[in-house]
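Inspection log for the structure reproduced underneath, given as structure tokens.
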Amino acid sequence: MNLESVMQELEALGKERTKQIYLSNGAHEPLFGVATGAMKPIFKKTKINQPLAEQLYATGNYDAMYFAGIIADPNAMTEADYDRWMDGAYFYMVSDFVVAVTLAEADIAQQVADKWIASGEELRMSAGWSCYCWLLGSRKDHEFSEPKLAGMLETVENTIRDAPERAQYAMNNFVYTVAVSYLPLHDQACETARSIGPVEVNTDKPRSKSINAYDNIQKAVDKGRIGFKRKHVRC
């Protein structure tokens, strides 16, 4: 399949209701409103195809950008390529669920995510912390440095309330993911979550939202999900 045929199939799968949901979360035109699960039949035709992924991502169409992440070859992309994709990630659903997810399957994931976390830029920070969530939830514990992750928990505890809002979401999720998916630091992550307490986000909107890693960790404990690892990061 080429760019034109993929775009035609994506457009045919678009639903107005789905489109409105994406728009309400920060997407903007162009987009079709394709449910992610509906893209699987197209993937069976394209398979992994990095050149086509680059063409799709460059369209700026949200659905095409998402599908680009599905068919990208993570280890064929360099640090510069991931930075370029982040430059085009105009809202969190692209930064955290397309770019960070793709990066999480690359060998250079941690070094790129570390750089983004330190950038001070909202969506790069969000993508960096989110990438670690995808990594921790899929890779074996021995692939990580325990002292490094412990230090990252301390960073979250000390800086989350001063971080940009989308970074706060991702940092909160990082604490939750360490507690659930990285057994060596379960106790420290629980204490970090308890120390942080509820974090208020969406404060610029009529109704703010409270996110609480500690409550969510306890729910995961009750459900017996401690130690959870997923087989695949991408769909």
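The values are calculated or read from the model by the stated rules, or taken from the named source; none is laboratory data. Nothing here was measured: the structure is a model prediction, and the numbers come from that model. Heads up, the Cβs are rebuilt from the backbone with ideal geometry, glycines too, and the neighbour counts pull from every protein chain shown. Heads up: the accessible areas ignore ligands, DNA and RNA and are worked out on the full protein's heavy atoms, side chains in. Shrake-Rupley method; radii C 1.70, N 1.55, O 1.52, S 1.80 Å.
Just give me the residues in the stretch 161-176 being within 18 Å of GLY197 (Cβ to Cβ) and open to solvent by 10 Å² or more (accessible area, probe 1.4 Å), in sequence order. Reasoning before the result, please.
At the first step, the residues of the stretch 161-176 found to be within 18 Å of GLY197 (Cβ to Cβ) are 161-163, 165, 167-176.
Result: ARG161, ASP162, ALA163, GLU165, GLN168, TYR169, ASN172, ASN173, TYR176.
Give me a count of the residues in the stretch 10-42 that are free of Cβ contacts under 8 Å to residues at least 60 places away in the same chain, open to solvent by 20 Å² or more (accessible area, probe 1.4 Å) and in a helix (DSSP H, G or I).
13
Restricted to the stretch 80-94, and to residues that are touching a residue at least 12 places away in the same chain (Cβ under 8 Å) and under 23 Å from HIS232 (Cβ atoms), which residue is surrounded by the fewest Cβ atoms within 10 Å (Cβ to Cβ)?
Per the criteria, the residue is MET93.
Please go through (1) in contact with a helix residue (DSSP H, G or I) (Cβ under 6 Å, 6 or more places away or on another chain); (2) open to solvent by less than 30 Å² (accessible area, probe 1.4 Å) for GLU146 and return the number of the only condition it doesn't satisfy.
(2)
Can you spot a residue in the stretch 108-129 that is of a type in the set (A, V, I, L, M, F, W, C), within 18 Å of ILE226 (Cβ to Cβ) and in contact with a helix residue (DSSP H, G or I) (Cβ under 8 Å, 6 or more places away or on another chain)?
Filtering the stretch 108-129 down to residues of a type in the set (A, V, I, L, M, F, W, C) leaves 108-109, 112-113, 116-118, 123, 125, 127, 129.
Subsequent filtering for residues that are within 18 Å of ILE226 (Cβ to Cβ) retains none.
The answer is no; no qualifying residue exists.
Might you let me know whether the stretch 95-116 holds any residue that is more than 25 Å from LYS223 (Cα to Cα), of a type in the set (D, E, K, R), at pLDDT 95 or above and open to solvent by less than 30 Å² (accessible area, probe 1.4 Å)?
yes
Can you find a residue that is in a helix (DSSP H, G or I), free of Cβ contacts under 8 Å to residues at least 24 places away in the same chain and not hydrophobic (A, V, I, L, M, F, W, C) anywhere in the stretch 119-140?
No, the stretch 119-140 contains no residue that is in a helix (DSSP H, G or I), free of Cβ contacts under 8 Å to residues at least 24 places away in the same chain and not hydrophobic (A, V, I, L, M, F, W, C).
With GLU157, GLU200 as the choices, which residue is in a helix (DSSP H, G or I), charged (D, E, K, R) and open to solvent by 40 Å² or more (accessible area, probe 1.4 Å)? Reasoning before the result, please.
Details: GLU200 fails: in a helix (DSSP H, G or I).
Selected residue: GLU157, the only one of GLU157, GLU200 that is in a helix (DSSP H, G or I), charged (D, E, K, R) and open to solvent by 40 Å² or more (accessible area, probe 1.4 Å).
Report yes if some residue within the stretch 79-92 is within 21 Å of ASN2 (Cα to Cα) and of a type in the set (A, V, I, L, M, F, W, C); otherwise report no.
Yes - at least one qualifying residue is present in the stretch 79-92.
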